Amino acid sequence: MTAVRSSPAGAPTYETLLRCALAGELGPDPAQLRVAVAFTTRQAVRHDGRGTGYRNEVLGLRVGAAVGSCAVEPGALDDGVVEDCAGAGVDRLLRHPRTPVRVAALDAYLTHVAPHTPAHGARPVRVPAGTSLEKSRARARTVVGLLDLPPGATVLVVGVVNSLLEALRARHLAYVACDFKGGVTEWGEGVVTDALAEAHRCDALLVSGMTLGNGTFEPLRRHALEHGKQLVTFAQTGSAVLPRFVGHGVSAVCAEPYPFFWLDGGPSTLHVYRGGVR
């Protein structure tokens, strides 16, 4: 995996990664690439046996064989934004005024440049066919398995997914659940809304790729880097972006490019990155 230039603090940042992509330092000139297809995927979920449900909406941009993704709040992107992306040059979308478009464009570009293969540092993990809940739990076990923590440690979970909380409970790990939506977990626990305010009392961070789209990823990465904490990301959003930070505040990534596990009952594949950046 191609390294990126460091910031003054000695580690790459999301903004330096974006600038390097625009300058053609990570692969082909993005001005020579176009987004052939732009689309949104909308989902409402209520698993059997679960008392709560949720909704997802994801912007997808296709460059060649690669699809880049960024989750958004349902209804946040109108059809005009999607139509504007179709046929646009990747360089223009990397400069787009809407953050989710920039994230999805960067994700598509980096997936095109360095697909999720062992040659680029990825280890494939198969999710067996099954119901939506069975596949959700299988993914959660893979994600939580990337945390190297003793029982009793506390994990800050940014982006509440009940299957992840269930997998943490099975390992006897405590957690602080955080999500902009607030509310309560499946087990009636309060969900906090300010991740950085809670990070100091947690031993490790388990962070959704959605933080790229809402601008909260960099403060969490810096916190992990400055305090020597593990930061594991589960990434449908930015699945090719976040592996670039392994070894720079991110300890491991469970990358899941489109199509996501919840779109199909058949087997699907996750891609795990850990260790140093190539």
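For a quick protection proxy, order the peptides 246-257, 213-224 by their average other-Cβ count within 10 Å, most packed first.
246-257, 213-224
What share of the DSSP beta bridges in the chain is antiparallel, in percent to the nearest 5?
In the chain, approximately 55 percent of DSSP beta bridges are antiparallel ones.
Over the chain, one equal point on each Cα, no solvent: what is log10 I(q)/I(0) by the Debye formula at q = 0.08, 0.10, 0.14 Å⁻¹?
Scattering profile of the chain, log10 relative to I(0): -0.30, -0.48, -0.98.
Place a point 7 Å from the Cα of A76 along the Cα-to-Cβ direction; which residues of the range 214-252 have their backbone N under 18 Å from it?
It comes to 214-221, 234-242, nothing else.
So what does log10 I(q)/I(0) come out to for the range 152-203 at q = 0.13, 0.15 Å⁻¹, using the Debye formula with one equal point on every Cα and no solvent?
Log10 I(q)/I(0), no solvent term: -0.25, -0.34.
Write down the Kirkwood hydrodynamic radius of the range 230-278, to one decimal in angstroms, obtained as one divided by the mean of 1/r over all alpha carbon pairs.
11.1
For the range 119-197, which whole-number percentage of the solvent-accessible area (1.4 Å probe, protein heavy atoms only) is attributable to carbon and sulfur atoms? Before the final figure, lay out each step's value.
Details: 2020 of 3620 Å².
For the range 119-197, the apolar C and S fraction of the accessible surface comes to 56 percent.
As an exercise, use a Förster radius of 35 Å and the Cβ-Cβ distance of R55 and A119 to find the FRET efficiency, rounded to the nearest 0.05.
Details: r = 36 Å, r/R0 = 1.04.
So the FRET efficiency works out to roughly 0.45.
Using a 10 Å cut-off on Cβ atoms, rank the peptides 128-134, 91-97, 237-243 from the highest mean neighbour count down.
Numbers: 128-134: 13.9, 91-97: 17.0, 237-243: 29.0.
Highest mean packing first, the order is 237-243, 91-97, 128-134.
Looking at the range 148-278, what % of its DSSP beta bridges pair antiparallel, to the nearest 5?
Here the share of antiparallel DSSP bridges comes out near 20 percent.
Out of every Cα pair in the range 162-278, what percent are spaced more than 23 Å from each other?
It works out to 32 percent of all Cα pairs.
Calculate the spin-label point distance for Q32 paired with A44, positioning each point 7 Å from the Cα along the beta-carbon direction, and give it in nanometres.
So the label points at A44 and Q32 sit 4.7 nm apart.
Compute from the Cα atoms of the range 79-126 the Rg and the Dmax, the latter being the longest Cα-Cα distance, and quote both in angstrom.
13.4, 38
When ranked by the protection proxy of mean other Cβ atoms within 10 Å per residue, highest first, what sequence do the peptides 33-42, 71-80 form?
In descending order of packing, they fall as 33-42, 71-80.
For a quick check of understanding: with a 1.4 angstrom probe and all protein chains in place, what accessible area in square angstrom does Y258 have, to the nearest ten?
For Y258, the solvent-accessible surface is approximately 70 Å².
The values are calculated or read from the model by the stated rules, or taken from the named source; none is laboratory data. Being a predicted model, the structure only gives us computed values, none of them experimental. Neighbour counts are summed over all protein chains in view; Cβ atoms, including those assigned to glycine, are modelled from backbone coordinates with ideal geometry. Please note that ligands, DNA and RNA were not included when accessible areas were found on the heavy atoms of the full protein model with its side chains. Shrake-Rupley method; radii C 1.70, N 1.55, O 1.52, S 1.80 Å.
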